[in-house]
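The values are calculated or read from the model by the stated rules, or taken from the named source; none is laboratory data. The structure presented is a predicted model; accordingly, all values stated were derived computationally and were not measured. Cβ: placed from backbone, ideal geometry, glycine included. Neighbour counts: every protein chain shown. Calculation scope for accessible area: heavy atoms of the full protein, side chains included, ligands and nucleic acids excluded. Shrake-Rupley method; radii C 1.70, N 1.55, O 1.52, S 1.80 Å.
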Amino acid sequence: MAHPSQLGFQDAASPVMEELLHFHDHALMIVFLISTLVLYIIVAMVSTKLTNKYILDSQEIEIIWTILPAVILILIALPSLRILYLMDEINDPHLTIKAMGHQWYWSYEYTDYEDLGFDSYMIPTQDLAPGQFRLLEADHRMVIPVESPIRVLISAEDVLHSWAVPALGVKMDAVPGRLNQTAFIASRPGVFYGQCSEICGANHSFMPIVVEAVPLEHFENWSSLMLEDA
């Protein structure tokens, strides 16, 4: 869960998000080193009148500042491509959930069960219980088992939406007439919040996403209760 004045990402709750955090730190360190070097050169050029004739016209320096940026780009591109392919991997999911975007709420259907589905609406501010988060709580959470590959099929009924949960490293557009898919593994129990990340209309900011990761036995108990209520 993000907090005020937070500078970095939320704590990772999935292996892919951990990789994204590592890549972010890796790229940020490269940017910091480049910025430091450029700042040093600027200060040195402004603050001194000394010149060196071997530096003013040097093929060796030109070769270095041509090759070095190419090497830096490779050091950034290779990890980035690796994570992109990891995010597209969907290997033998244990559970498939269909998320449909509506104006302005989400509906979830557990396709591995015969009749398990529900709509998820934002809880109005006046109905919040103590400790609940304004504009982020939903009356029905998407419950998933921990440490199990989850596939989410995402689409929309009316306009463009986007299903995004930052802590899980998941963001996928919900397009009417198109079925997109993504996958993730919740590495620890917890409640993870997200919001529609596509401007979808007047109530765009009032259709939160709440994913609750629980141990497998708790998930089985929850699914049994939901099927009985249905």
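Each residue of the stretch 180-186 in order: what ³J(HN,Hα) in whole Hz does its phi give by Karplus 6.51 cos²θ - 1.76 cosθ + 1.60, θ = phi - 60°, with x for Gly and Pro?
With the stated coefficients, the stretch 180-186 comes to 8, 9, 8, 9, 7, 10, 7 Hz.
Could you check what % of the DSSP bridge pairs in the chain are antiparallel, to the nearest 5? Could you put the intermediate results ahead of the total?
Details: 28 of 40 bridges.
Among the beta bridges of the chain, antiparallel pairing accounts for roughly 70 percent.
Tell me the per residue accessible area of the stretch 1-54 using a 1.4 Å probe; a whole number in Å² is fine.
Heavy-atom SASA per residue in the stretch 1-54 reads 84 Å².
When the scattering of the chain is computed by the Debye formula from its Cα atoms alone, each counted once and equally, what is log10 I(q)/I(0) at q = 0.08, 0.16 Å⁻¹?
-0.43, -1.16
Please go through the stretch 1-97 and write out the chymotrypsin sites (Phe, Trp or Tyr not before Pro) that DSSP classes as loop and that have at most 16 other C-beta atoms within 10 Å.
9
Looking at the chain, identify the longest residue range that excludes and avoids all trypsin sites (Lys or Arg not before Pro) in DSSP loops having at most 15 other Cβ atoms within 10 Å.
Answer - 50-133.
With everything on Cα atoms, drop me the angle between helix 59-88 and the longest principal axis of the chain, reported from 0 to 90° to the nearest 10.
Tilt of helix 59-88: around 10 degrees.
So what does log10 I(q)/I(0) come out to for the stretch 162-226 at q = 0.13, 0.16, 0.29 Å⁻¹, using the Debye formula with one equal point on every Cα and no solvent?
Ignoring solvent entirely, the Cα scatterers give -0.46, -0.66, -1.21.
Using a 1.4 Å probe on the protein heavy atoms, what percent of the accessible area of the stretch 95-229 belongs to carbon and sulfur?
C and S fraction of accessible area: 49 percent.
Within straight cross-link reach of residue 171, meaning Cα distance under 27 Å, which lysines are found once same-chain residues fewer than 8 apart are removed?
Straight-line reach from residue 171, under 27 Å: 98.
Based on the Kirkwood radius over alpha-carbon pairs, what value in µm²/s does the Stokes-Einstein equation return for the translational diffusion coefficient of the stretch 95-229 at 37 °C and 0.692 mPa s? The partial results should precede the final answer.
Working: Rh = 15.0 Å.
Estimated via Stokes-Einstein, D reaches 219 µm²/s.
At most 15 other Cβ atoms within 10 Å and a DSSP loop assignment: could you name the GluC sites (Glu not before Pro) in the stretch 94-160 that fit?
114, 147, 157
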